[in-house]
Structure formats: C-alpha cells, structure tokens
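The values are calculated or read from the model by the stated rules, or taken from the named source; none is laboratory data. Since we're looking at a predicted model, the values are computed, not measured. Ideal geometry is used to build each Cβ from the backbone, glycine not excepted, and the neighbour counts take in all protein chains shown.
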Amino acid sequence: MTAQDFYDVIILGAGPAGLQAALHAARRKVSVLVIGKTAKSSAFRAHIENFCCLEGQSGAEMLEMAREKAETSGAEFLEEDVMMLDSDNEKYIVEMESGRELNSYALILAMGVSRNSLGLPGEKGLAGKGVSYCIDCDGPLFRDEPVAIVGGGSAAVSGALTMMFYSGEIHLICKQLEVGESLARNLKDSDIAVYEGRKVVQIKGEDSVTGVKLDDGTELAVNALFVELGAKGAVELAENLGISLDETMQYIAVNKKQETNLQGIYAAGDICGPPWQVAKSVGEGCVAGLEAAAYVSHRKSTTA
Ligand SMILES: Cc1cc2nc3c(=O)[nH]c(=O)nc-3n(C[C@H](O)[C@H](O)[C@H](O)COP(=O)(O)OP(=O)(O)OC[C@H]3O[C@@H](n4cnc5c(N)ncnc54)[C@H](O)[C@@H]3O)c2cc1C
C-alpha cells in the first residue's frame, strides 16, 4: 500500500513492460508507483522458453522476481485497476477503481493486450494444454506433432510458415486469406493444408487437445490449435486523453523513445503492437522508464 498521492512517474501495468520500466525509472531517483495486477499479466500463466536469460521458467516466477527488483530499487505498488485518466496544466490525474485519485508528472502506459479468442466451449479450459494464442511462444513445444492454425491474416500465415520449421503437418483454417502477394505465394508453395472458407466449430480433447472439427464436418487429428486472430490493446483509457494510435488503430503509436504524442506520456510492451514477446516488452519498458525519469528530472530542474 502507499499513502502519498503524488508520484513523479505512475506506471499503468504490472507485466514485464511495466516492471522493467519501474526498475529503470526508480534507479534514476524519481518516485515511481506501479498500478496493476501481476496475476492479470499475459505472462502470468505462460511458460517462458525464449527469453534470453531464462531457462524455461514460469511466467509467474519471472514476474515475482521482476517485482522484487523494482521494489528494491524504490518503486511502490498498488494492486488495482485504473478507471480513468485525465490531465490539467500541471499534472496527470489517475482515477482508481477504489475511487482514489493520484497525480503524476509522467505516465507510462503498459496495459498489454487482450487476445481475440474463438469463443468455443472448452477453449478456455484447454488454453495452455494445446490451445495457444502465440505461435512464436508455443510453436516449438509441438515439434513433429500435427497442428492447426486459425486465422487468415499475416500473423496466422507467417506463423504457419514459421511452424514448418517444427512440424510436418500443418492445417490452416480461415474464413478468408487476407495477405500480400509474397506471403500468399510462399503459402501456395508450402505443404500447409489450407481450408479457406471454413471455421472451427469444436475443439476436441479432455485434458489436452486431440483434434478439431470444421463446419463442413471435416475432423482433423491435431495436438495443438493456434488461434491467431489478432489482439486488441487496452487503449480506451489512452484514447480518452487524446493519445494517438498507430495505423492499425489498435495500438498506441510511439517513437524510438517510447514517447506518445502527449508530452510526459510513454507507452511500452504489447500495447504498442506485435510481436507480443517478453523480450520486446522489457526492452521498451527499459527505454520508457529511462525517458520518463529524464523528462521528470528536466522538468523539476527547470521549474525549481
Ligand atoms: C499463453 C501465453 C504464453 C506466452 N508465452 C510467451 C513466451 O514463451 N515468450 C514470450 O516472450 N512471450 C510469451 N507470451 C507473451 C508475453 O506474455 C507478453 O508479450 C508480455 O506479457 C507483455 O507484457 P506487457 O507488460 O506489455 O503486458 P502484460 O504482461 O499483459 O501486462 C499488462 C498489465 O497491465 C495491467 N492492466 C491492464 N489494464 C489496466 C488498467 N486499466 N489499470 C491498471 N493496470 C492495468 C494488467 O493487470 C497487467 O498487470 C505469452 C503470452 C501468453 C498469453
């Protein structure tokens, strides 16, 4: 818990991006508050296989270590959701679910994304047991096993092509292929079985995925189903403040310093768009933390 109402930097989100931003900002001797629930981070239930310095570690453990480090550096934490962001000429205003109001000179937005699911019965229960929303993360776990991928966009098709490094039997199911010429040609030249105009109506398996059924009755025996239907950034709060989105209108637009179009507001991690990876999130979190701390220090020195 924290008692004060004003912080130099307030970070929204306690996932890899927010925690890394907190660590770097707090080490620059500015006051830092992280607001967010670690257990709601995408990484919490993940098993991280492809982050440079971890040897197959649970996401929950990784987040706990990161939080400890940020706390040791001086960051404070509040396990709450933010409901509203506002500003006046002097500061940013953060309204919490408890009704409490906090203020800061700088904000770092690291609220992640929510992934689009199929919404089929059993899908949630089989997540992490064959149902996956990230080919880059979980593809290698299904080496030499038959897999299905749902989606017709570039993430799904390039994911299917990447999956060929691991598996010899790949089924791609989509309502419609929506990719550029080069990806379409690579797909045509590959051994991937494409079911265009079809959709998955059932996921089979009790303890793990054993197959999928399509709307024309086709049954495919697969051990994994990758749902690559895109994701939505938690951008509504940011939009209220007038923060610009990128060309997809789904993610926050930032420059190389992780600055948004509003002075003193930075964004990092999944909320800035794919690839949705811990490595990208902590990299962007590091930059956002350092830049936000520098902004606050400069502001204080020029207004003292
Ligand atoms: C099943 C699965 C497996 C994965 N496996 C891997 C892997 O092996 N390797 C890899 O690199 N990546 C993996 N990923 C992706 C990785 O987890 C994400 O890229 C990473 O967690 C993104 O970090 P982030 O900090 O941007 O967002 P998140 O980790 O999603 O954190 C978002 C934070 O924002 C908070 N938040 C949201 N809204 C609000 C609000 N209104 N107010 C306050 N706080 C808010 C949430 O509570 C949470 O704390 C996996 C993801 C999933 C779902």
For this session: Tell me which residues, restricted to the stretch 1-35, are out of contact with any helix residue (DSSP H, G or I) (no Cβ under 6 Å at 6 or more places or on another chain) and among the charged types (D, E, K, R).
Result: ASP5, ARG27, LYS29
Exercise. Quick check: is even one residue across the stretch 19-35 in the same structural domain as LEU109 (by TED's automatic domain parsing), within 7 Å of the ligand (Cβ to nearest atom), free of Cβ contacts under 8 Å to residues at least 60 places away in the same chain and β-branched (Val, Ile, Thr)?
Worked result: no
Problem set entry | Subset of the stretch 18-70 [closer than 30 Å to SER301 by Cβ and not in a helix (DSSP H, G or I)] | ARG27, ARG28, LYS29, VAL30, SER31, VAL32, LEU33, VAL34, ILE35, GLY36
For this session: Any residue in the stretch 40-57 that's aromatic (Phe, Trp, Tyr): show its pairings with residues that are more than 7 Å from the ligand (Cβ to nearest atom) and at pLDDT 85 or above at Cβ separation under 7 Å, as long as the two are six or more apart or on different chains.
Result: PHE44/ALA60; PHE44/LEU63
Problem set entry | Selection within the stretch 48-83 - at pLDDT 90 or above, within 11 Å of the ligand (Cβ to nearest atom), exposed (fewer than 14 other Cβ atoms within 10 Å of the Cβ) and of a type outside the set (D, E, K, R) | CYS52, MET83
For this session: Could you identify the single residue in ILE93, ILE10 that is more than 13 Å from the ligand (Cβ to nearest atom), modelled with pLDDT of 95 or more and either surrounded by fewer than 18 Cβ atoms within 10 Å (Cβ to Cβ) or outside any loop (DSSP other than H, G, I, E, B) (or both)?
Result: ILE93
Problem set entry | GLU97 being among the acidic types (Asp, Glu) and assigned by TED's automatic domain parsing to the domain that holds TYR295 | yes
Seminar exercise, completed: Taking the stretch 98-119 and the residues there that are part of a loop (DSSP other than H, G, I, E, B) and more than 22 Å from the chain's Cα centre (by Cα), the one that is modelled with the highest pLDDT would be ARG100
Exercise. For the stretch 151-173, what are the residues that are in contact with a helix residue (DSSP H, G or I) (Cβ under 7 Å, 6 or more places away or on another chain) and not in a helix (DSSP H, G or I)?
Worked result: TYR166, SER167, ILE170, LEU172
Exercise. So, in the stretch 211-267, of the ones that are free of Cβ contacts under 8 Å to residues at least 40 places away in the same chain and in the same structural domain as ASP144 (by TED's automatic domain parsing), which residue ends up nearest to CYS174 (Cα to Cα)?
Worked result: ASP215
